[in-house]
Amino acid sequence: MYTPPSDAQLRTLLQTTRRIAVVGLSPNISRPSYRVSLQMQRWGFDIVPVRPAITEVLGQPAYANLLAVPGKVDLVNVFRRAEEVDAIVTDAIAIGAPAIWLQQGIIHEAAAERAAAAGMLVVMDRCIMVEYARLFV
């Protein structure tokens, strides 16, 4: 069963994270994925858009999937429907991501358990921007 991380674990994760791959980052400025990612970028995080059929978001090159992202990813932040999470977890494990964050409203217990079993820290059904602001701002 999924166990949410403690505030201490969240603090450590966010302090050690620099590069966030955002799966489902929309170029539409009215979408939560755009607003949240823009704020995280303003707070100093390197945002890597992961979304097929676009080439750039927030001034950063976009990639079709996690497997196409060059270099190390510290955290995978997911803005996709719950039914898509299992495949995203598979890719996150394949690239060796140490953590995955399922945004508020996204719940997939089995995928979360699989990610945790692979050694990933898992945050589910929480907003990264809200949590960062609560813990650090």
Query raised in the report: When the stretch 2-42 is examined, which residues are found to be within 22 Å of residue 64 (Cα to Cα) and hydrophobic (A, V, I, L, M, F, W, C)?
Result: 20, 21, 22, 23, 25, 29, 36, 38, 40
Report task. Assess whether residue 130 counts as being among the β-branched types (Val, Ile, Thr), without any contact (Cβ under 8 Å) to a residue 40 or more places away in the chain and closer than 28 Å to residue 3 by Cα. Result -> yes
Report summary line: Across (1) among the small types (Gly, Ala, Ser); (2) without any contact (Cβ under 8 Å) to a residue 40 or more places away in the chain; (3) closer than 16 Å to residue 4 by Cα; (4) in contact with a strand residue (DSSP E or B) (Cβ under 6 Å, 6 or more places away or on another chain), residue 116 clears everything bar (2)
Requested in this report: Any chance you could count how many residues in the stretch 39-69 are assigned to a helix (DSSP H, G or I) and either in contact with a helix residue (DSSP H, G or I) (Cβ under 6 Å, 6 or more places away or on another chain) or buried (at least 16 other Cβ atoms within 10 Å of the Cβ) (or both)?
Outcome: 5
**Report entry** Tally, over the stretch 15-38, of residues that are surrounded by fewer than 20 Cβ atoms within 10 Å (Cβ to Cβ) and either outside any loop (DSSP other than H, G, I, E, B) or charged (D, E, K, R) (or both)
**Finding:** 9
Query raised in the report: For the stretch 52-89, which residues satisfy the criterion of being in contact (Cβ under 8 Å) with a residue 12 or more places away in the chain, β-branched (Val, Ile, Thr) and in contact with a strand residue (DSSP E or B) (Cβ under 9 Å, 6 or more places away or on another chain)?
Result: 57, 69, 73, 76, 78, 85, 88, 89
**Report entry** Residue satisfying all of: in the stretch 102-113; in contact with a strand residue (DSSP E or B) (Cβ under 9 Å, 6 or more places away or on another chain) and without any contact (Cβ under 8 Å) to a residue 40 or more places away in the chain; farthest from residue 129 (Cα to Cα) among these
**Finding:** 111
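Quick note: the coordinates plus some simple rules give every number you see, no bench work behind them. Not measured: the values here are computed from a predicted model. Positions of Cβ are backbone-derived with ideal geometry, glycine not excepted, and every protein chain shown enters the neighbour counts.
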